[in-house]
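To start, the structure itself, in structure tokens.
The values are calculated or read from the model by the stated rules, or taken from the named source; none is laboratory data. These figures come from a predicted structure and were not determined experimentally. Here the Cβ is made from the backbone with ideal geometry for all residues, glycine too, and neighbour counts use every protein chain on show.
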């Protein structure tokens, strides 16, 4: 055990994956590109959850599984836990990460910031493509644990971001 | 001696089943594995009756038949592992140890990016690893 992964390599890989799918394979259909990237994340999350839940008792309810994602799963992936977990107790969970690792080295493109839109929302739009992959990871992990759900992401202010999990009943 | 091991998916679909006997009794062993699935369901749905420690992955002895003992294991991802053995005095620790190694082998097999989730495990490496684990079963207690 104790294998290590180069952080800069992962950052480059993610950036390159998003740019390949958005600009080369599906340059005309961004929704399709987003779906493909999400599907890759789904497979990764599916397999990781299998590994990280080894040697632990089974989860009794949804909250326990979500807590596992927030604590152990996130620590394995990002060496930190989710900073804040909110729920409405009706199947919606909001996981907030105040310094999301994969966004911590990103900034908005200054050349587009003098457009009519305010720079905040422009940056958020550009970043949203990079969040389909982690969304897919969360969805893959939870569905493998027997919890079908939909996951979306919000960027409030870089590098903080929050993931919204809606469990399908 | 272990005569049969099986991996069964969360919809009770067989993912891997392998018998380790010379005789032509694969069908009988598959039948035993099939029967054990109901026992697993029962254990999981009525944890109080069976007196299990809460939600442990190792389910213990599922049921004894005349010639075999059947043990079960249920992962967090609802994948079942079934073990059929002819040994009548098996130590719990040995079975636990077996399942732990079997689970590790399974996780490595499904982490292969070319493996399709929910499909049968066809990896030769996995088959080899499983037969090694089966061969070494119970050796630690004998030595």
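Here are the numbers for the structure shown:
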| read-out | value |
| --- | --- |
| Residue list for segment B:99-122, filter: away from chain A (no Cβ under 14 Å) and surrounded by 15 or more Cβ atoms within 10 Å (Cβ to Cβ) | none |
| Failed item, numbered, when residue B:80 is tested on (1) within 11 Å of chain A (Cβ to nearest Cβ); (2) under 16 Å from residue A:144 (Cα atoms) | (1) |
| Matching entry among A:88, A:98, A:23 (being touching a strand residue (DSSP E or B) at 6+ places or on another chain (Cβ under 8 Å) and either under 23 Å from residue A:149 (Cα atoms) or more than 14 Å from chain B (Cβ to nearest Cβ) (or both)) | A:98 |
| Considering residues of segment A:129-146 that are closer than 15 Å to residue A:47 by Cα and touching a strand residue (DSSP E or B) at 6+ places or on another chain (Cβ under 8 Å) only, the residue surrounded by the fewest Cβ atoms within 10 Å (Cβ to Cβ) | A:143 |
| Boolean, residue B:87 is away from chain A (no Cβ under 14 Å), more than 14 Å from the chain's Cα centre (by Cα) and in contact (Cβ under 8 Å) with a residue 24 or more places away in the chain | yes |
| Residue identified as surrounded by fewer than 20 Cβ atoms within 10 Å (Cβ to Cβ), within 14 Å of chain B (Cβ to nearest Cβ) and touching a helix residue (DSSP H, G or I) at 6+ places or on another chain (Cβ under 6 Å) among A:64, A:38, A:76 | A:76 |
| Failed item in (1) more than 14 Å from chain B (Cβ to nearest Cβ); (2) free of Cβ contacts under 8 Å to residues at least 24 places away in the same chain; (3) surrounded by 13 or more Cβ atoms within 10 Å (Cβ to Cβ); (4) assigned to a loop (DSSP other than H, G, I, E, B), with residue A:56 passing the rest | (1) |
| Residue A:163 vs. criteria modelled with pLDDT of 90 or more and surrounded by 14 or more Cβ atoms within 10 Å (Cβ to Cβ) | yes |
| Scope segment B:46-74; condition modelled with pLDDT under 85, buried (at least 16 other Cβ atoms within 10 Å of the Cβ) and assigned to a strand (DSSP E or B); matching residues | B:58, B:59, B:60, B:62 |
| Residue count, segment B:10-40 (criterion: assigned to a helix (DSSP H, G or I) and either more than 14 Å from chain A (Cβ to nearest Cβ) or more than 18 Å from residue B:64 (Cα to Cα) (or both)) | 14 |
| Residue within segment A:103-111 that is in contact (Cβ under 8 Å) with a residue 60 or more places away in the chain, in contact with a helix residue (DSSP H, G or I) (Cβ under 7 Å, 6 or more places away or on another chain) and surrounded by fewer than 13 Cβ atoms within 10 Å (Cβ to Cβ) present | yes |
| One residue from A:48, A:85 being over 13 Å from the mean Cα position of the chain (by Cα) and under 21 Å from residue A:169 (Cβ atoms) | A:85 |
| Single unsatisfied condition, residue B:73 versus (1) under 11 Å from the mean Cα position of the chain (by Cα); (2) under 18 Å from residue A:45 (Cα atoms) | (2) |
